[in-house]
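The values are calculated or read from the model by the stated rules, or taken from the named source; none is laboratory data. Quantities reported herein were computed from a predicted structural model and do not represent experimental measurements. All Cβ positions, glycine included, derive from the backbone under ideal geometry; neighbour counts span all protein chains shown.
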Amino acid sequence: MGWHDPGHRPNDRGGGLLLNPGYLSRRMGPPHPVEYLLLLIEAINQHERGQALAAPFAYPWSDETLEGYVESLRRLPPSLRCRSANLENGDNLIDPPTTPSEKKMARRAWQLLHGNPETREKPGFTAREQRKLIESYLEGHQPEEPLLTVHFHRLPDLKRWERFSEGLGIAEAFVVHHHPSRNPDAGSPSRQHAYWQNALKTLCIEPSHTISRSNRDKVAARGEVVVKSNQSHEAAARGMYALKVIIAATKAITNL
């Protein structure tokens, strides 16, 4: 998990290791979620550039661990780890959240996935659920779309996304559409739509007359559901990029 990954070196004041001051809390206790995340991103970007901190400072991750994180992130499309404005000429392997709204969203999402040792808050997902959530996001993410857009082909994956958005308090920040399958054995579009909608608690799925373009065998039964951030919603406009950062960083540290 994010707080206890294998390469994380504990804070040892007596052993001569001085960590980046941003990592330390005033009580020398567990790191604040956003401080931890920002330091992790800084360490990854510095390592990727071949830069090291000047003595006596050191990051709380080994070089071997950071190299693993870098390799994991390199396998992601830039659109999943960088801002749109930085896709061509950006200097970072992964762009950090910067605005107050992004940091607020990042804190909530990180705590939901990893918990918070400061408050002893437990993660909202098991390790298996977290892995499935991220895998389905990476599988369905549409990098060519200007807004955060994810295609879901399996009901359990969509239900995990609903839990994730509910936990963040932003379920209403998404526009959701069902695209029916053209398979003659799939049933009517209305029955396919009901299969998805009846299993959800908060997400409202709008039916679409556009046929699913997916060729997946799994889609033949019920079509697919497309979740897209609502540009007119404040949460989507201000903090949605932070979700990409959290998912990318979580993928890196959990070696997905």
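So which residues in segment 91-122 are closer than 20 Å to Leu148 by Cβ and surrounded by fewer than 15 Cβ atoms within 10 Å (Cβ to Cβ), if there are any at all?
Passing the criteria: Thr98, Thr99, Pro100.
For Gln130, state whether it is assigned to a helix (DSSP H, G or I) and outside the structural domain of Tyr36 (by the TED database).
Details: assigned to a helix (DSSP H, G or I): yes; outside the structural domain of Tyr36 (by the TED database): yes.
Answer is yes for this residue.
Give the residue that is farthest from His47 (Cα to Cα), with candidates limited to residues of segment 87-121 that are acidic (Asp, Glu) and outside any helix (DSSP H, G or I).
Here is the first cut: in segment 87-121, the residues acidic (Asp, Glu) are 88, 91, 95, 102, 118, 121.
The next check asks that each one be outside any helix (DSSP H, G or I); those that pass are 88, 91, 95, 118, 121.
Working: Glu88: 20, Asp91: 13, Asp95: 14, Glu118: 28, Glu121: 31 Å.
Here the answer is Glu121.
Here is a list: Trp61, Trp110, Trp161. Which entry is in contact (Cβ under 8 Å) with a residue 40 or more places away in the chain and assigned by the TED database to the domain that holds Ser208? Walk me through how you get there before you give the answer.
Numbers: Trp61 fails: assigned by the TED database to the domain that holds Ser208; Trp110 fails: assigned by the TED database to the domain that holds Ser208.
None of the other options fit; the residue is Trp161.
How about segment 43-67: which of its residues are at pLDDT 85 or above and surrounded by fewer than 18 Cβ atoms within 10 Å (Cβ to Cβ)?
Across segment 43-67, the qualifying residues are Gln46, Arg49, Gly50, Ser62, Asp63, Glu64, Glu67.
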